[in-house]
Amino acid sequence: MCAAAAGMGIFCRGFARLSDEEFRKRFHWIVSTRPGVPRKDLEEVVNLYHLGRQEVTGAAICCDLETREHAGCDGWNTFDNTTLEAFFQEIVGRPARIG
């Protein structure tokens, strides 16, 4: 989800919203075992980490997982309901009421 959000410029803009320094700080436990690895490669590993956590926890998408675990961000808690409604409208093409 983070990679898709970055590529499409939606939601929080995924990994793209983080500077290299912030990205490496947020995922320090992954970065520390791969010194010198380019960011693109680290993003792939972090994406795989999220996919694995989603499978283990049963979360539908990364945003659901991050809302609970806060490993890289604050998930859906980053947005207020009005913003989430606008995202839904933009992506799905119909309104939704979140509350």
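The values are calculated or read from the model by the stated rules, or taken from the named source; none is laboratory data. Quantities reported herein were computed from a predicted structural model and do not represent experimental measurements. Positions of Cβ are generated from backbone atoms using ideal geometry, with glycine treated the same way; all protein chains shown enter the neighbour counts.
Against the numbered list (1) surrounded by 12 or more Cβ atoms within 10 Å (Cβ to Cβ); (2) among the hydrophobic types (A, V, I, L, M, F, W, C); (3) assigned to a helix (DSSP H, G or I); (4) in contact (Cβ under 8 Å) with a residue 24 or more places away in the chain, residue 4 comes up short only at (4). Within the stretch 12-28, the set of residues being outside any helix (DSSP H, G or I) and without any contact (Cβ under 8 Å) to a residue 12 or more places away in the chain comprises 13, 18, 19. The C-beta contact set for the stretch 39-64 (first residue over 24 Å from residue 87 (Cα atoms) and at pLDDT 95 or above, second residue polar (S, T, N, Q) and surrounded by 12 or more Cβ atoms within 10 Å (Cβ to Cβ), distance under 8 angstrom, 6+ apart or interchain) is empty.
Give me the residue from the stretch 42-65 that is aliphatic (A, V, I, L, M) and outside any loop (DSSP other than H, G, I, E, B) and, out of that set, surrounded by the fewest Cβ atoms within 10 Å (Cβ to Cβ). Show your work before the answer.
First, the residues of the stretch 42-65 that are aliphatic (A, V, I, L, M): 42, 45-46, 48, 51, 56, 59-61, 65.
Those left that are additionally outside any loop (DSSP other than H, G, I, E, B): 42, 45-46, 48, 51, 56, 65.
Details: 42: 18, 45: 15, 46: 22, 48: 11, 51: 13, 56: 9, 65: 22.
Per the stated criteria, the residue is 56.
The lone criterion from (1) surrounded by fewer than 13 Cβ atoms within 10 Å (Cβ to Cβ); (2) in a helix (DSSP H, G or I) left unmet by residue 86 is number (1).
Yes/no matrix, rows are residues, columns are (1) under 14 Å from the mean Cα position of the chain (by Cα); (2) in a loop (DSSP other than H, G, I, E, B); (3) among the charged types (D, E, K, R):
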{"position": "10", "(1), (2), (3)": "yes, yes, no"}
{"position": "40", "(1), (2), (3)": "no, no, yes"}
{"position": "72", "(1), (2), (3)": "yes, yes, no"}
{"position": "77", "(1), (2), (3)": "yes, no, no"}
{"position": "96", "(1), (2), (3)": "no, yes, no"}
